[in-house]
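Report on the structure given below.
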Amino acid sequence: MPVTYLNRQILAAEEFIAEREAGWFNPNATYEGYLEMVRSQVTLAACDRTALAAQGIEVRGPEPDLSPAMEAILDKVWAEVAEQRQPAADTEEELTALAA
């Protein structure tokens, strides 16, 4: 599954090279430089969210306008995701308790 951030896919090294050769990046750019750019964007976005939160502004994505049928489907999917995540959460709690 591709990694995304800020609704943009983060490229793997091979994908970056192909995109660079296709002219989408500076020909002198390196994959390490690309990753550093992504890291700085992540840092800036986190700082922006923190600054906005300090002002009492909550940053959220747009709320989709869904039909009742789509809402029901999403509720079902989120319930399935929660069930899948629960064993991992239980294990993490057990490991934290053991480390204490």
In the range 25-36, which residue that is open to solvent by 60 Å² or more (accessible area, probe 1.4 Å) and in a helix (DSSP H, G or I) is nearest to GLU15 (Cα to Cα)?
GLU32
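Count, please, the residues in the range 37-74 that happen to be open to solvent by less than 100 Å² (accessible area, probe 1.4 Å) and part of a helix (DSSP H, G or I).
Let us first name the residues in the range 37-74 that are open to solvent by less than 100 Å² (accessible area, probe 1.4 Å), namely 37-38, 40-43, 45-48, 50-54, 56-57, 59, 61, 64, 66-67, 69-74.
Add one more test, that the residue is part of a helix (DSSP H, G or I), and what stays is 37-38, 40-43, 45-48, 50-54, 69-74.
Summing the residues that are open to solvent by less than 100 Å² (accessible area, probe 1.4 Å) and part of a helix (DSSP H, G or I) in the range 37-74 gives 21.
Within the range 61-78, restricting attention to residues that are modelled with pLDDT under 85 and not acidic (Asp, Glu), which residue is nearest to TYR5 (Cα to Cα)?
Pass one, the range 61-78, residues modelled with pLDDT under 85: 61-66.
Going one step further and asking which of them are not acidic (Asp, Glu), we end up with 61-62, 64, 66.
On the way: GLY61: 13, PRO62: 16, PRO64: 19, LEU66: 24 Å.
Looking at residues that are modelled with pLDDT under 85 and not acidic (Asp, Glu), I get GLY61.
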Filtering the range 3-22 down to residues that are in contact with a helix residue (DSSP H, G or I) (Cβ under 8 Å, 6 or more places away or on another chain), part of a loop (DSSP other than H, G, I, E, B) and modelled with pLDDT of 90 or more yields LEU11
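The values are calculated or read from the model by the stated rules, or taken from the named source; none is laboratory data. Computed from a predicted structure; not experimentally measured. Neighbour counts are summed over all protein chains in view; Cβ atoms, including those assigned to glycine, are modelled from backbone coordinates with ideal geometry. When the accessible area is computed, the model is the full protein with side chains, heavy atoms only, and any ligands, DNA or RNA have been set aside. Shrake-Rupley method; radii C 1.70, N 1.55, O 1.52, S 1.80 Å.
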